[in-house]
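To start, the structure under review is shown below, and the notes come after it.
The values are calculated or read from the model by the stated rules, or taken from the named source; none is laboratory data. Computed from a predicted structure; not experimentally measured. Cβ coordinates were reconstructed from backbone atoms using ideal geometry, including for glycine residues, and neighbour counts include every protein chain displayed. The protein model used for the area step is the full one, side chains on, heavy atoms only, and it has no ligands, DNA or RNA in it. Shrake-Rupley method; radii C 1.70, N 1.55, O 1.52, S 1.80 Å.
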Amino acid sequence: MSQPHLSTHDAPIIVLGEYRFRDLDRDGKISPFEDWRRPPEERAADLVSRMTLDDKAGAMMHSTLAGIGSPIGRSTRGYDLAATRHEILDLNITSFITRLVVSPRMMAEQNNAVQEIAEHGRFGIPVTISSDPRNHFEHVDGAGNMSAGYSQWPETLGFAALRDPAIVRRFADIARQEYRATGIHQALSPQADLFTEPRWARGAGTFGANPDLVGRMVGAYVEGFQGGRNGLSRDGVLTVVKHWVGYGATPNGWDGHNYYGRFAKVDDRSFGLHVRPFEAAFKVKVAGLMPTYSIVRGATVNGRKAEEVGGGFNRLLLTDLLRGRYGYQGIVLSDWNITLDCTEACTDPKVPQPASAIAMPWGVEHLSPLARYAKGINAGIDQFGGVDEPGRIVEAVRRGLVTEKRIDASVRRILISKFEMGLFEDPFVDPERADRIVGNTAFQALADQAQAQAQVLLKNSRGMLPMRSAAKVWLHGVDPREAQHFGLVVVGRPEQADFALVRISTPFEVLHPNHFFGSRQNEGRLDFRPGNADFDLVRSIAGKTRVVLSLFADRPAVLTRIAPMADAILVNFGVSDGALLKVVTGRERAKGRLPFEMPSSMAAVEGQDPAMPDDSIDPLYRFGAGLELPVRRRPRCSNDPIASGRRAPNRKSPDSARTAGAPRTPRFMPCRPRRSP
């Protein structure tokens, strides 16, 4: 057995022969929980036996690292360390979410400061620091984070468009390295939810609507983040697959963060489809799982109908199905704020709902907070997200609502993950290394390639794309300097251009402007129609020049009215201007296929079953639609591996929207090595 690396700021080191150990309880002896030679399960059992009920209750909280000047932790200035010290040393909390938006170096420094506080606790229990996704384009307060130096990849829908688990695994491995370099140990992702309701606001964080495709992507994601197929590795990131189960089957697309979206609806036919993607995560021993907020109506297990309560309170789903049928052994972490009271400012806000009024106790609104904690624990919750009320759990045990034996089982699972990741030996990170590793040139080059290739070519009339060099272009939503970098000539009016390159987004409405999440989420209609700014813009230029549309599809757009006005349509799931222009000019190949269908009308959207994948009547583009786009012709040679004949091109898939196909890829001799412009 080899000596692991030890990092310490204040805890003493005990030397025993050739080995060294951190003396976290400062008793001058190597206690079993301090002995890295022992298995994690044995170390966790020893530490649980030493902990008081107050210690254990603190371990079952997953609080928020307070940010300077931010009630929900989203700060560019760092943590409020005085508030953090109180939560760690007085409330015994050792798991937190970070929402800082700072440089990688500062993130590492700030997380080290948190671990230094934890080192002064009675047992020196290191803090597990979690994060919502940080490597994509979209962010919604309470559901995602801005990139802030981390490599930037397409949304997970983009990975689903590429259909390649190896690319997902590579992304997750890179994100794993970036997380650990900055002191983040837990990923509150991926979403294994099915995007079966096309109006749903959180679909961009899924892998689409097809259960088998979603399962393959989820398995690869977990494997890459956790560091292997056999569970959580020492240098892995504890991955929390979510949201168990049926979250995406939401009528009207209303999201479960909101009181008006608290219900999902399934039946015996559809429920099994929503369970299926999670099975792939179980096969690679995912270490964490988060239940849905939603009350899943219609779910049955072994012939028994699930109680109409949120997923975090549903014993049939968490204990009977999850731990019973599937034998799941990891941590069950509740989604945020499920034990708090949902007041009128939460159910029916007359003015914008403040963060302090966020609560999701769906189906148990009538219970007291104490009773909600007890019901959640007895249902199967190990840790409660977004709260810092360990006293509630202590009271629940003392009143006989929960047994201490049940508490011990949860705390053991939480501690095992800390031991598996080596946090008891090495909780600190090197800020200089974080600066070198996170978002480095090699990582971002792979991310840029994924952004470009994940685009889906839906239309390419008369082989319009790729465009030739020196073509004149009119731009909307694209940086002119980027276009010039790719050899295009930017002009001021559409009629002067050979083509227009126009970025548009899937239409949406703000239907609940006073709800905290509803005001931040894209809801409602999906169709382009007069009065929509993007539609009106495209209509105004369509007769003046050829039009290339770049559509950001966070939800499946209804393109029936706008598609005839475009000569080419590229769908993206998060793409930089540079990655977009690589495809437009033929320097990169769009390889994506739609991860969901695109309906033909809003009537078709309203008539489909929110729980069933891709079931609208006569969709304009079906699941899997996409054309093959060739690389740009070069006069003598090509450094593209496909165009030069070093790799065979993919077979062209049929065009489900009956648009013209792409021309055959030419072959060239490879160019001599040259410097990139």
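Summary of computed values
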{"quantity": "Filter pass, residue 207 being assigned to a loop (DSSP other than H, G, I, E, B) and either hydrophobic (A, V, I, L, M, F, W, C) or open to solvent by 10 Å² or more (accessible area, probe 1.4 Å) (or both)", "calculated": "yes"}
{"quantity": "Of residues in segment 491-509 being within 23 Å of residue 545 (Cβ to Cβ) and under 36 Å from the mean Cα position of the chain (by Cα), the one surrounded by the fewest Cβ atoms within 10 Å (Cβ to Cβ)", "calculated": "505"}
{"quantity": "All positions within segment 61-92 that are in a loop (DSSP other than H, G, I, E, B) and in contact with a Pro (Cβ under 7 Å, 6 or more places away or on another chain)", "calculated": "91, 92"}
{"quantity": "Hey, residue 322 assigned to a helix (DSSP H, G or I), at pLDDT 95 or above, out of contact with any helix residue (DSSP H, G or I) (no Cβ under 6 Å at 6 or more places or on another chain) and within 22 Å of residue 206 (Cα to Cα) or not", "calculated": "yes"}
{"quantity": "Subset of segment 365-382 (residues that are crowded, with 22+ Cβ neighbours inside 10 Å and either in a loop (DSSP other than H, G, I, E, B) or of a type in the set (Phe, Trp, Tyr) (or both))", "calculated": "373, 380, 381, 382"}
{"quantity": "Filtered residue count, segment 472-486, keeping only those that are crowded, with 16+ Cβ neighbours inside 10 Å and farther than 24 Å from residue 535 by Cβ", "calculated": "2"}
{"quantity": "Selection from segment 246-300 of residues that are under 24 Å from residue 341 (Cα atoms) and hydroxyl-bearing (Ser, Thr, Tyr)", "calculated": "247, 250, 259, 260, 292, 293, 294"}
{"quantity": "Leading residue by the ranking (surrounded by the fewest Cβ atoms within 10 Å (Cβ to Cβ)) among those in segment 389-412 that are charged (D, E, K, R), out of contact with any Phe, Trp or Tyr (no Cβ under 6 Å at 6 or more places or on another chain) and over 22 Å from residue 114 (Cβ atoms)", "calculated": "405"}
{"quantity": "Of all residues in segment 41-62 being out of contact with any Leu (no Cβ under 8 Å at 6 or more places or on another chain) and under 23 Å from residue 112 (Cα atoms), the one that is most open to solvent (accessible area, probe 1.4 Å)", "calculated": "55"}
{"quantity": "Residue selected from segment 321-364 under the condition acidic (Asp, Glu) and open to solvent by 50 Å² or more (accessible area, probe 1.4 Å), by the criterion farthest from the chain's Cα centre (by Cα)", "calculated": "344"}
{"quantity": "Number of positions in segment 359-402 that are of a type in the set (Ser, Thr, Tyr) and touching a helix residue (DSSP H, G or I) at 6+ places or on another chain (Cβ under 8 Å)", "calculated": "1"}
{"quantity": "Close pairs from segment 2-27: first under 16 Å from residue 120 (Cα atoms) and without any contact (Cβ under 8 Å) to a residue 24 or more places away in the chain, partner outside any loop (DSSP other than H, G, I, E, B) and open to solvent by less than 70 Å² (accessible area, probe 1.4 Å), Cβ under 9 Å, at least 6 apart", "calculated": "12/22; 13/21; 13/22; 23/13; 23/14; 23/34"}
{"quantity": "Residues within segment 252-298 that are aromatic (Phe, Trp, Tyr) and farther than 23 Å from residue 323 by Cβ, tallied", "calculated": "4"}
{"quantity": "Of residues in segment 497-531 being among the polar types (S, T, N, Q) and touching a Lys or Arg at 6+ places or on another chain (Cβ under 9 Å), the one farthest from residue 157 (Cα to Cα)", "calculated": "514"}
{"quantity": "So residue 99, is it in a loop (DSSP other than H, G, I, E, B), open to solvent by 10 Å² or more (accessible area, probe 1.4 Å) and under 27 Å from residue 202 (Cβ atoms)", "calculated": "yes"}
{"quantity": "All positions within segment 439-463 that are open to solvent by less than 10 Å² (accessible area, probe 1.4 Å) and either farther than 28 Å from residue 626 by Cβ or aliphatic (A, V, I, L, M) (or both)", "calculated": "447, 450, 452, 454, 456, 457, 458"}
{"quantity": "Which listed residue, of 52, 64, 76, is touching a strand residue (DSSP E or B) at 6+ places or on another chain (Cβ under 7 Å) and not small (Gly, Ala, Ser)", "calculated": "64"}
{"quantity": "Flag if residue 566 is open to solvent by less than 40 Å² (accessible area, probe 1.4 Å), within 24 Å of the chain's Cα centre (by Cα) and not polar (S, T, N, Q)", "calculated": "no"}
{"quantity": "Filter pass, residue 624 being closer than 22 Å to residue 154 by Cα and either within 32 Å of the chain's Cα centre (by Cα) or modelled with pLDDT of 50 or more (or both)", "calculated": "yes"}
{"quantity": "Count - residues of segment 594-607 that are buried (at least 20 other Cβ atoms within 10 Å of the Cβ) and of a type outside the set (A, V, I, L, M, F, W, C)", "calculated": "3"}
{"quantity": "Residues within segment 211-231 that are touching a strand residue (DSSP E or B) at 6+ places or on another chain (Cβ under 6 Å) and either farther than 15 Å from residue 278 by Cα or open to solvent by 10 Å² or more (accessible area, probe 1.4 Å) (or both), tallied", "calculated": "2"}
{"quantity": "Answer from 386, 310 - the residue that is surrounded by 24 or more Cβ atoms within 10 Å (Cβ to Cβ) and either modelled with pLDDT of 95 or more or under 25 Å from residue 260 (Cβ atoms) (or both)", "calculated": "310"}
{"quantity": "Residue satisfying all of: in segment 510-534; within 17 Å of residue 565 (Cβ to Cβ) and in a loop (DSSP other than H, G, I, E, B); least open to solvent (accessible area, probe 1.4 Å) among these", "calculated": "528"}
{"quantity": "Tally, over segment 1-33, of residues that are surrounded by 15 or more Cβ atoms within 10 Å (Cβ to Cβ), under 24 Å from residue 390 (Cβ atoms) and not hydroxyl-bearing (Ser, Thr, Tyr)", "calculated": "4"}
{"quantity": "Of all residues making up segment 535-558, the number that are among the polar types (S, T, N, Q) and buried (at least 18 other Cβ atoms within 10 Å of the Cβ)", "calculated": "2"}
{"quantity": "Hits in segment 572-593 (condition: over 19 Å from residue 207 (Cβ atoms) and among the small types (Gly, Ala, Ser))", "calculated": "576, 578, 579, 586"}
{"quantity": "Top-ranked residue in segment 555-572 [being in contact (Cβ under 8 Å) with a residue 12 or more places away in the chain and assigned to a helix (DSSP H, G or I); ranked as farthest from residue 156 (Cα to Cα)]", "calculated": "565"}
